[in-house]
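The values are calculated or read from the model by the stated rules, or taken from the named source; none is laboratory data. Note that the structure is a prediction, hence the values are computed from the model and not measured. Cβ atoms come from the backbone with ideal geometry, glycine included; neighbour counts cover every protein chain shown. When the accessible area is computed, the model is the full protein with side chains, heavy atoms only, and any ligands, DNA or RNA have been set aside. Shrake-Rupley method; radii C 1.70, N 1.55, O 1.52, S 1.80 Å.
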Amino acid sequence: MDKARKQKTLGYEALFTEPTTEETLELMRSPEILAYRRRTITSGDYREVEIYPVYRNPKKIREAKAAVTPEKQQRVNNRNSQKKFERLLHVNFVPFVDLFLTLTYAGLIAPTLTQARRDIRNYIKAVKRWRKKNGMPPVKYLYVIQYEDDGREVRVHHHIIMSAMDRDEAERLWAKGRAKSDRLKPDEKGLAELAAYITRSKRGNKRWCGSRNLKGPTVTEALHQVSHRKAEIMAADCRFAAAAIFESAYPDFQFTDCAAFSGGQFPGAYIYARMRRREKQRRKGAVA
C-alpha cells in the first residue's frame, strides 16, 4: 500500500474542519505535501469527489488523529453515518417509484426501544409475506427508529424507505397506529435532504438499519495525482473554478456543490464536492 492509500485511512474528516483562509491557500503548495489525491464515491446517479493531501512525513497526522477529542470524533461519526445512509438510498432506491413511510403509534403510552425494534421488525416480516404472496421480489429497506423529547413527553415513530408496492397495503400492514406513505421525491442533490432529515439527532436517540440485500456505492482511488496548482484553484474558488475542473474530469456529471476545509496546523486543504449524473445519462428503470 502506497503513502497516499495509507494516509487516507487516517480520517481527514476529523482533522480538516476549519474554513479555508488566505493563509491556508498560500500553503497549498507547501513542500511538506507530497501530492494531492482524488477519491470518488459513486452512488447511483450521484457522485462525491474528495481531494486530499498526502504528506511526506505522516507522523504528525497520525499523532493529531490520536488526539482528536471524543466529541469531535462523534460529530464526524454522525456525518459519516448520514453519508452512508444517503449513499445506500441513492444506490438502491428509485425516485418517484419506491416508498417513504412514517409509522406512528396510537394512544398515549410510548413503547420502549426494545418494543419499537420488535414492532418494526414485525412490520417488515408482514411486508415480506405480502410481497411473496403476490409474486413480488424481496423487499429492500432502510429504517430509522426515532425518539423526540420536547420536554413533556417522548414520541416514538419509525421512518422506512422500501421497495415499491401498493401504498394502501403498505399502510394497512402497520397495525400499531397511523401510517403515512409517499413516493421518494429527490431534489438537485437527490435524496440527501431526506437522509439528513431522518438521521439527524439532537440527543443521539435515532437508530437506522438496512436489509441485507442492499448494494453499496462504487469507490475508486484515482491512479494519477492532482497538481498542487489545481488543488489550490479548487480550494480558492469552490463555486466556479472547481465546478469547471470537476465537470471537465467527469463530463457525464453535473457539478452540484463543493466545500474546502483547512487542517489548521497542517498545510493544504481537504476538498469535498458533489455531482449528479446529467439527465441524458441517468440510469433507466428500477434498481435491480
* To do: Place +1 on the Cβ of every Lys and Arg and -1 on the Cβ of every Asp and Glu in the stretch 1-135, take the dipole about the Cα centre, and give the residue among Val97, Thr17, Ile33 whose Cα lies farthest towards its positive end.
  => Val97
* Just add up the charged neighbours of Asn77: K/R +1, D/E -1, any other residue whose Cβ is under 12 Å from the Cβ of Asn77. => +3
* Return the Rg/Rh value of the stretch 119-190, two decimal places, where both radii are evaluated on C-alpha atoms and Rh is the Kirkwood radius. => 1.02
* To do: Could you do me a favour and compute the accessible area per residue for the chain, 1.4 Å probe, result in Å²?
  => 55 Å²
* To do: Averaging sequence separations of C-alpha pairs under 8 Å and six or more residues apart, then dividing by the length of the chain, give the relative contact order as a whole percent.
  => 32 percent
* Asked: Relative contact order for the stretch 175-269: what is it in percent, counting Cα pairs under 8 Å that are at least 6 residues apart?
  -> 16 percent
* To do: Relative to the longest principal axis of the C-alpha atoms of the chain, give the angle of the C-alpha long axis of helix 70-92, reported between 0 and 90° and rounded to the nearest 10°.
  => 70 degrees
* Round to the nearest 10 and report in Å² the accessible area of Thr69, as given by a 1.4 Å probe over the protein chains' heavy atoms. => 70 Å²
* Over all pairs of distinct alpha carbons, what does the Kirkwood formula give as the hydrodynamic radius of the chain, in Å? -> 21.1 Å
* Angle between the chain longest axis and helix 113-133 axis [Cα atoms, degrees, rounded to 10] -> 70 degrees
* To do: Taking the Cβ of Val68 as the centre, find all other residues whose Cβ is under 15 Å away and add up their charges (Lys, Arg: +1; Asp, Glu: -1).
  => +2
* Asked: With Cβ to Cβ distances under 13 Å as the rule, what net charge do the other residues near Val226 carry (K, R +1; D, E -1)?
  -> +3
* Determine, from the Cβ-Cβ distance of Glu171 and Leu108 and an R0 of 22 Å, the FRET efficiency 1/(1 + (r/R0)^6), rounded to the nearest 0.05. => 0.50
